[in-house]
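The next block holds one structure in the form of structure tokens; read it before the comments.
The values are calculated or read from the model by the stated rules, or taken from the named source; none is laboratory data. Quantities reported herein were computed from a predicted structural model and do not represent experimental measurements. Counting neighbours? That spans all protein chains shown, and the Cβs are built from the backbone with ideal geometry, glycine included. Side chains are part of the model used for accessible areas, which takes the heavy atoms of the whole protein and leaves out ligands, DNA and RNA. Shrake-Rupley method; radii C 1.70, N 1.55, O 1.52, S 1.80 Å.
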Amino acid sequence: MSDSLTNCFFTLRFPSKKECKPAAAAVETIDTVMLTCQESKSDDRDWMAALKKSVKLLHFGGCEEKEAAAGEMKKLAEEDAKRIRTMAELGVIPPLVAMVGSEAAARRRLAVQVLIQLANASFTNKAVMVEAGILSRLHKNMSLLNETDKQESAELLLAISHLANSQFPFNTSRIIPIVVSILESNPSIATKHLCLSTLHNLSSLLDNAPALILTGVVPTLTKLASSRETSERSLATLGNLAVTSAGRKALEVDPTVPEGLIEVMTWEESPKCQELSAYILMVLAHQSSLQRRKMAEAGIVQVLLGVALLGSPLAQRRAMKLLQWFKDERRVRVGPHSGPLQVGGGAILGSGSPLSEKEAEEGKRMMRRIVRQSLCKNMERITRRANSGAPGDAAGVKALVVSTSSKSLPY
């Protein structure tokens, strides 16, 4: 766009909620700009003329004319990002939002595509869309839409979800059901990623946790967390929810927890998933002897030993912290700000009951047996990795195997 034309638009101010321009005012504004910019380059005049016509049709035309106008706006927005700002200033968002509720699939799809371009352009445009009722216009039953429509709706919702971390009054209870509906409609992996990113944006604000949990999103997330393609984004959202009381309760009653999270910790090729899974397990294990008992029965000790030896630095630290909590579980309790604290006397403080010396000794023998079995398994894994890796790595791994013993472990 030329400097002269840019200066012409510089004085155009985007209307606030209280001073939204009516259709006639929008057309009058663009007519004024056209008269002011008569000396602009011909190509600038061409797209301004096309935009003027599209705005008028969008406000005053019939259904087919509005569809044609939306198509023209889509082309103009793709050619120059600055034109998107001009469109928004001319009040095209409310009529486009109204088109999203159309029964005609093609018309609805064009409106969503233009709104995506407008939403990605500025924070203000997202806010205007919400104020215009976009969340009530989007199709509620996503299973009736084709994959392209699902993905574009998910992309628009992701852009809008960034409002959740702002001062804008954003009612998340209206967006969450739509996102969950898309996830439950068996969409493509790309669409799932868009939806999971949206849920993660919403969950990053703790005030949104109750609305997310009431929608029943936790079972959906735990199911997706077991898939390697969607695990990382699902676990990140679950991690945000787990720090709330309602989130912990929802996870504790989920039938796939803690087994599913423990399984994720065995994914050596996915260190980020291991770290996130370990974090959620730490939150659940903290101050809950019941959850620690369920984890122990699910075989978490052996998995933690493997992560403590072979995981990423962060995963190792979290695994070792969990191992410390599990060490002699019948003689520890979890403190308010740290892991379990060892107490004397051979008795359990908290929800448990006193133990006899015989029971305590039997528990120790069982734990030592599990540690030996796990060490043997992990050493075999390390040896295989050394044999299959570079020759130069073998010496370092051999030294690790030789120097490692049960006495050197934190557990």
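Rg to Rh ratio, the range 253-310, alpha-carbon atoms and Kirkwood radius?
Answer for the range 253-310: 0.94.
DSSP loop trypsin sites (Lys or Arg not before Pro) in the range 130-165 with at most 15 other Cβ atoms within 10 Å of their Cβ, which ones?
Lys140
Need one number: convex hull volume per residue for the range 79-175, Cα atoms only, in Å³.
So the per-residue Cα hull volume is 96 Å³.
Greater than 19 Å separation of Cα atoms is the criterion. Which listed pairs, Lys82/Lys126; Lys66/Lys126; Lys75/Lys150; Lys82/Lys192; Lys140/Lys192; Lys192/Lys223, meet it? Kindly include the intermediate steps, with their values, before the conclusion.
On the way: Lys82/Lys126 17 Å; Lys66/Lys126 21 Å; Lys75/Lys150 22 Å; Lys82/Lys192 31 Å; Lys140/Lys192 17 Å; Lys192/Lys223 12 Å.
Over 19 Å Cα-Cα: Lys66/Lys126; Lys75/Lys150; Lys82/Lys192.
Using the Cα centre of the range 205-267 as the reference point, and only Cβ charges (+1 on K/R, -1 on D/E), how large is the resulting charge dipole? Debye, rounded to the nearest 20.
It works out to roughly 80 debye.
Taking K and R as +1 and D and E as -1, what net charge do the other residues with C-beta under 14 Å from the C-beta of Lys272 add up to?
-2
Taking square-rooted eigenvalues a ≥ b ≥ c of the alpha carbon gyration tensor, is the range 95-135 rounded, prolate or oblate, where a/c under 1.5 means rounded and, failing that, a/b exceeding b/c means prolate?
Taking the square roots of the gyration eigenvalues as a ≥ b ≥ c, the range 95-135 is oblate.
Give a residue-ordered list of calculated ³J(HN,Hα) values for the range 160-165 (Karplus: 6.51 cos²θ - 1.76 cosθ + 1.60, θ = phi - 60°; whole Hz; x for Gly, Pro).
5, 5, 5, 5, 4, 9
I'd like the carbon and sulfur percentage of the solvent accessible area for the range 42-192, probe radius 1.4 Å, heavy atoms only, ligands and nucleic acids excluded.
Heavy-atom surface of the range 42-192 belonging to carbon and sulfur, 1.4 Å probe: 48 percent.
Quickly rank 240-248, 82-90 as a protection proxy: mean count of other C-beta atoms within 10 Å, highest first.
Those peptides, ordered most packed to least, come out 82-90, 240-248.
Provide Lys327, Lys192 ordered by accessible surface of protein heavy atoms (probe 1.4 Å), highest first.
Details: Lys327 105, Lys192 35 Å².
Final ranking, largest accessible area leading: Lys327, Lys192.
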